[in-house]
Amino acid sequence: MIDRRQFLVGALGSLVLSRLRNVAAVERALLEYVASPQDLGTPTEYFDRLIIPNDVFFVRSHFGPPGLDMSRRLLVDGLVGSTLDLSVSELKKFPEVSVTSVLQCAGNGRALYTPRVPGVQWVHGAMGQAKWTGVRLRDVLQKAGIKPEAKFVHIRGADNSPGPQVPTYLRSLPIERALDETTLFAYRMNGEPLTLAHGAPLRLVVPGWAGDHWMKWLTSIRLETKEPDGFYFQTAYRMPIETVTPGAAVPPEKMKPLTVVPVKSIIGRPTDNGAAKRGAQEVVGIAFSGGSAIKLVEVSTDGGTNWKSAKLEGEPGAGRWQVFKHEFKAEKPGKYMAMARATDRAGNIQPKDPAWNPSGYFWNGWHSVSWTVA
Ligand SMILES: Nc1nc2c(c(=O)[nH]1)N[C@H]1C(S)=C(S)[C@@H](COP(=O)(O)O)O[C@H]1N2
Ligand SMILES: [Mo]
């Protein structure tokens, strides 16, 4: 006979094992960039659809997730009329809204800059689109009462840095961006409860803005008059104000925080170096821009001499990707290529080669693939 303690240990052990197996199943479909903390990329061939399924959605964090704590509360304090301390079920009493939006890490494409920039060497996989469900920051902040001197919202999560020498991760949003009707406290992703990897029980959703603002494992938001101090705000996630010489050091006063994701398109199919049969060829990909809807995606199959407008599918919107499709006939066997460039409704055109910057952020060059037709 086993006693209660042995039973519990055994039961817990097998539970942990089955959890681990689930994680392993997910990893098989994702591309592992860094093992610990896990940085997992979505394979490029998934960029042919409007929604990236949760089990292949990229994962990124600085220190790895904290323990799963579904009873973690959200504190809303600082320059508010009254402090709020909310459980997830209390938060769910605010009107529920869903927003379909792209989450892209600012470092996506870092590996494609020359000279090389240190950091996770993401190629294309640190982005995805999902339907995010939760409640508006605006509704919660209005309930708390916003003092007129509040200008910034400081945001914290439950993940601790690995030691006292390493600063804690924190972000900040200007109050106007926090009050935008698309900015959410989210608890569901593509209709399913948020998983720990993606921030359970609560994460921030900031459509159109880079992933670093999308704080996971939320613990508090605090209204302040100023931007926060510290490495993660004053040094990291900054871009040069003007174009700089590749490889150059940029002084801090010439840097600004990165916010809106620039216009970009990526080809999901055909896969680079793949193979296809003679006849109809379909080039399929996704295109988005953080600041406005997509106006046009052009595809060239002759190295950039001629460009044709692709068909767009899905709803247009700022921070929201659409699928583009372009068909042509490959009459002869041989090597074929395609490349894509997107233009947004504000008139921004995806550049052939984006400007190098010291942290390798926001790569959005033309994506090209080649394949063999037999
Ligand atoms: N608490 C916390 N939130 C975080 C991070 C983190 O390290 N800690 N990383 C951010 C970064 S840099 C990105 S790109 C996104 C990635 O979100 P995902 O793992 O759901 O794709 O989470 C953001 N939220
Ligand atoms: Mo990121």
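The values are calculated or read from the model by the stated rules, or taken from the named source; none is laboratory data. The shown structure was predicted, so the numbers you read here are calculated from the model rather than taken from an experiment. Backbone-built Cβ (ideal geometry, glycine too); neighbour counts: all protein chains shown. Note: areas computed on protein heavy atoms with side chains; ligands, DNA, RNA excluded. Shrake-Rupley method; radii C 1.70, N 1.55, O 1.52, S 1.80 Å.
Close amide H pairs (under 5 Å, H built 1.01 Å from N) link residue 120 with no residue at least 5 positions away or on another chain. The GNM of the chain, with springs linking C-alpha atoms under 10 angstrom apart, assigns the highest mean-square fluctuation among 225, 83, 245 to 245. The base-10 log of I(q)/I(0) for the chain, evaluated at q = 0.08, 0.10 Å⁻¹, reads -0.45, -0.68 [Debye formula, identical scatterers on Cα atoms, solvent excluded]. Taking the stretch 256-292 and a reference point 7 angstrom along Cα→Cβ of residue 370, the backbone N atoms nearer than 15 Å belong to 271-276. Overall, the accessible surface of the chain at a probe of 1.4 angstrom is composed of carbon and sulfur to the extent of 53 percent.
Dipole check for the stretch 256-374: with +1 at the C-beta of Lys and Arg, -1 at the C-beta of Asp and Glu, and the Cα centre as origin, the magnitude is about 100 Debye. Taking amide H positions as modeled 1.01 Å from N, with prolines and chain starts lacking one, no residue 5 or more places away or on another chain lies under 5 Å from residue 50.
Mind checking which of 108, 150, 134 is farthest towards the positive end of the stretch 95-189's charge dipole, using Cβ charges of +1 (Lys, Arg) and -1 (Asp, Glu) about the Cα centre? Most positive-ward Cα: 108. Per residue, the chain reaches -3500 deg cm²/dmol at 222 nm when only DSSP H runs of four or more residues are counted, each adding -39500 (n - 2.57). Between residue 276 and 372, 373, 374, the built amide H atoms are under 5 Å apart, and every one of these is 5 or more places off in sequence or on another chain. For the chain, the longest principal axis of the Cα atoms and the long axis of helix 4-29 meet at an angle of about 30 degrees.
Using 0.36 nm per residue and subtracting the Cα-Cα separation, the extra length available between residue 243 and residue 296 on full extension is 16.5 nm. Applying the Karplus relation 6.51 cos²θ - 1.76 cosθ + 1.60 with θ = phi - 60° to the stretch 175-183 yields 3J(HN,Hα) values of 4, 4, 5, 5, 8, 4, 5, 8, 7 Hz, where x marks Gly and Pro.
For the charge dipole of the stretch 215-307, defined by +1 on Lys and Arg C-beta atoms and -1 on Asp and Glu C-beta atoms about the Cα centroid, which residue among 280, 293, 307 has the Cα displaced farthest towards the positive pole? So the residue furthest toward the plus end is 280. Average accessible surface for the chain: 47 Å² per residue, computed with a 1.4 Å probe over protein heavy atoms with every protein chain in place.
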